[in-house]
Each structure stands twice: as structure tokens, then as C-alpha cells.
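Participant: There's a structure below that I have some questions on.
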Amino acid sequence: MLAVIKTKIEHLGDVGINLVESSGRLGVFLFNILARLWMYRFPLEETIKQVLFIGAKTVPLILISGLFTGMVIALQFYDTLIRFGSVELLGAAVAMSLIRELGPVMAALMVIARVGSATCAEIGIMRNEQQFDALDCMAIDSYHYVMLPRLLAAIISVPLLTAMFDTFGIGGGYIVGVLIHGVSDGAYLVGMADTIVWNDVWMGIIKSFLFGLVIMWVCLAKGFYLHIEQKQSGAVGVSQATTQAVVLSAVLMLFVDYIVSSLML
């Protein structure tokens, strides 16, 4: 019995140590990336390429998901508001829920699904093939050449994608509320304009900036430290690192979402 208890305690200690080590690596990794902003020439060309991959190529997914998200929200709110005779508040309810909360979160989840997983797998394969060691041998800073452009591109792209998501979500709500259920278009638009204030917009913008930072930071780090954190190499190690990156980035994103909401509400 004592041996079992000792084993459990040792396992718990190992988990705690690994958590502290992983947190420290993530912090050092982010510091090393951000330090390159002042150490080298700004990687404009590579950043533009990553904005194309992270932002432009994700637009169709964002528009479709934003449209249907807005339609579902409007349908749910309409069913609730019609019972209380407050259906004229439909536009305000849809816009506020999207701009404050659902827009940034859903857009970030789409970015994690499409970009975060692909980026972590790409960096993990580069680590497995020793490409970072080759860059070091050629005196090329991998943080500046590989990591920094992807992080900057995510910080730029995610707020823009969120704005598109919000716009199409509000449009989807208009389709359901006005065109399908016959809500007055004036009530929908004026109610939205009268209710939304700049603090709501700033909350969504700040969240989307931080979400872009968190997503790309975690996904890059998990791929870069593949050889340290994963017990197996090759395809298995890459798949495990990608899974961990997607889960951790989503959880941290929701944590940041709560922190920002608690500070700004």
C-alpha cells in the first residue's frame, strides 16, 4: 500500500515538474521571438507570405462559419425574444454576442483548426528533419527567419478575420430575423446601432489580437520543442505535438477570453 502511494506521489511530482518546465520553455520561446523585433531587419516579405497563408486563405472558412453562426444565434434569440414581446432587440442581441464574445472566439477556433495544426506539424517536421540545426550551421537565426513572421502574421490576421466573421454573422442574423421571420429591418439595424458602444468593439479587437498571439505562440513552441517534449519521434511525435498544441492553445485562448472580459466589463 505504501509503495502504491509513493508511486502516485512520485507521478504527481513528475507532472508538476514537467508543467513548470514546459511553462518556462514557452516563456523563453516567446521572449526569444519578440527580442528579434529589435535585433534584426523587419522580415516584411516573409510576414506578407504568412499573412496570405494565415489570413487570406482562411477567409472562405471564416465567411461561411460566420454566416451560419449568425443565423443560428438569430434563430435562438428570436425564439426567446418573441415570447417576451421584445423581438425588436434581435439585432442588438445578435451584434453584441458576436462582437463581444462569439466572433473572436469562433474565428480563433477556426484559425486553430486550419492554421494552428498545420503550423505545428510543419515546425515539428522541420525539427525532425534537423532543418533548424542546418539553419544554425549556416548562421541563420531560426527565431527571426521562421518564428517571428508567423507570429506577426497571426497577430495581424486574426483581428481582420474576426471583423469579417462579425460582419457576416450580423448579415446571417439579418437573413433569419428580417427576411425569414419578418422582423422590421429598421428595428434590427437601429437597435444594433443604438446598443453597441465602442467598449464592445474594443473588447473584441483586444481579444482577437491576444488570441492570435496565443495560438501561434503555442503552436510554434510545441513544434519547435518536439525533440524535448515528445517521447517518440517521427510521425507519431508530430501527431502528438500537434494534438497538444491544438488543445493547449484552445484552452489558453478561453482563459485569456475570461481575463479580458472580467477586466473590461
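Participant: Filtering the range 15-45 down to residues that are in a loop (DSSP other than H, G, I, E, B) and without any contact (Cβ under 8 Å) to a residue 40 or more places away in the chain, which residue is nearest to Ile155 (Cα to Cα)? Break it down stepwise before answering.
Facilitator: Within the range 15-45, the first condition is being in a loop (DSSP other than H, G, I, E, B), and the residues that meet it are 40-43.
Remaining after also requiring without any contact (Cβ under 8 Å) to a residue 40 or more places away in the chain: 41-42.
Working: Arg41: 19, Phe42: 15 Å.
Filtering first and then ranking leaves Phe42.
Participant: Follow-up question, since we're still on this one. Which residues, taken from the range 221-236, are crowded, with 17+ Cβ neighbours inside 10 Å, in contact with a Lys or Arg (Cβ under 8 Å, 6 or more places away or on another chain) and assigned to a helix (DSSP H, G or I)? Show your work before the answer.
Facilitator: First pass over the range 221-236, keeping only residues crowded, with 17+ Cβ neighbours inside 10 Å: 221-226, 229-230.
In the following step, the residues that additionally are in contact with a Lys or Arg (Cβ under 8 Å, 6 or more places away or on another chain) were identified as 221, 223-226, 229.
Once the filter is applied, which keeps residues that are crowded, with 17+ Cβ neighbours inside 10 Å, in contact with a Lys or Arg (Cβ under 8 Å, 6 or more places away or on another chain) and assigned to a helix (DSSP H, G or I), the range 221-236 yields Ala221, Gly223, Phe224, Leu226, Glu229.
Participant: Let me ask something else. If we keep just the residues of the range 76-87 that are part of a helix (DSSP H, G or I) and surrounded by fewer than 16 Cβ atoms within 10 Å (Cβ to Cβ), which is modelled with the lowest pLDDT? Before the answer, list the steps.
Facilitator: Applying the first criterion (part of a helix (DSSP H, G or I)) to the range 76-87 yields 76-84, 87.
Filter once more, keeping what is surrounded by fewer than 16 Cβ atoms within 10 Å (Cβ to Cβ): 76, 79-80, 82-84.
Details: Gln76: 90, Asp79: 86, Thr80: 86, Ile82: 85, Arg83: 83, Phe84: 80.
Checking each candidate, the answer is Phe84.
Participant: Using beta carbons and a limit of 9 Å, which pairs, at least six apart or on different chains, have the first residue in the range 200-223 and more than 18 Å from Arg114 (Cα to Cα) and the second one surrounded by 24 or more Cβ atoms within 10 Å (Cβ to Cβ) and of a type in the set (Ser, Thr, Tyr)?
Facilitator: As it stands, the answer is Gly204/Thr162; Ile205/Thr162; Lys207/Thr162, since those pairs meet every condition given.
Participant: Given the criteria in a helix (DSSP H, G or I), at pLDDT 90 or above and either within 13 Å of the chain's Cα centre (by Cα) or not hydrophobic (A, V, I, L, M, F, W, C) (or both), does Ser239 qualify?
Facilitator: Values: in a helix (DSSP H, G or I): yes; at pLDDT 90 or above: no; either within 13 Å of the chain's Cα centre (by Cα) or not hydrophobic (A, V, I, L, M, F, W, C) (or both): yes.
The answer is no for Ser239.
Participant: Given the criteria surrounded by fewer than 17 Cβ atoms within 10 Å (Cβ to Cβ) and either at negative phi or among the aliphatic types (A, V, I, L, M) (or both), does Leu252 qualify?
Facilitator: Values: surrounded by fewer than 17 Cβ atoms within 10 Å (Cβ to Cβ): no; either at negative phi or among the aliphatic types (A, V, I, L, M) (or both): yes.
Against the criterion (surrounded by fewer than 17 Cβ atoms within 10 Å (Cβ to Cβ) and either at negative phi or among the aliphatic types (A, V, I, L, M) (or both)), Leu252 does not qualify.
Participant: Another question, then. Looking only at residues that are surrounded by fewer than 17 Cβ atoms within 10 Å (Cβ to Cβ) and among the aliphatic types (A, V, I, L, M) in the range 35-58, which one is farthest from Ile112 (Cα to Cα)?
Facilitator: Looking at residues that are surrounded by fewer than 17 Cβ atoms within 10 Å (Cβ to Cβ) and among the aliphatic types (A, V, I, L, M), I get Met39.
Participant: While we're looking at this one, here's another question. Within the range 197-211, does at least one residue satisfy the condition of being surrounded by fewer than 17 Cβ atoms within 10 Å (Cβ to Cβ) and part of a loop (DSSP other than H, G, I, E, B)?
Facilitator: Yes, the range 197-211 contains at least one residue that is surrounded by fewer than 17 Cβ atoms within 10 Å (Cβ to Cβ) and part of a loop (DSSP other than H, G, I, E, B).
Participant: Right, another one. Within the group Ala108, Ala121, Ala95, which residue is at pLDDT 90 or above, part of a helix (DSSP H, G or I) and surrounded by fewer than 24 Cβ atoms within 10 Å (Cβ to Cβ)? Even if it seems obvious, please write down each step before you answer.
Facilitator: Numbers: Ala108 fails: surrounded by fewer than 24 Cβ atoms within 10 Å (Cβ to Cβ); Ala95 fails: surrounded by fewer than 24 Cβ atoms within 10 Å (Cβ to Cβ).
So the residue among Ala108, Ala121, Ala95 that is at pLDDT 90 or above, part of a helix (DSSP H, G or I) and surrounded by fewer than 24 Cβ atoms within 10 Å (Cβ to Cβ) is Ala121.
Participant: Examine the range 30-38 for a residue that is closer than 24 Å to Leu210 by Cβ and in contact with a His (Cβ under 7 Å, 6 or more places away or on another chain), and state whether such a residue exists.
Facilitator: Initial filter on the range 30-38 (closer than 24 Å to Leu210 by Cβ): 30-38.
In the following step, the residues that additionally are in contact with a His (Cβ under 7 Å, 6 or more places away or on another chain) were identified as 36.
Within the range 30-38, one or more residues are closer than 24 Å to Leu210 by Cβ and in contact with a His (Cβ under 7 Å, 6 or more places away or on another chain).
Participant: Something else now. Please determine, by comparing only the residues of the range 13-29 that are in contact with a helix residue (DSSP H, G or I) (Cβ under 9 Å, 6 or more places away or on another chain) and polar (S, T, N, Q), which one is nearest to Phe224 (Cα to Cα).
Facilitator: Ser22
The values are calculated or read from the model by the stated rules, or taken from the named source; none is laboratory data. Since the model is a prediction, treat every value here as computed from it, not as a measurement. Using ideal geometry, Cβ is built from the backbone for each residue, glycine included, and neighbour counts are taken over all protein chains shown.
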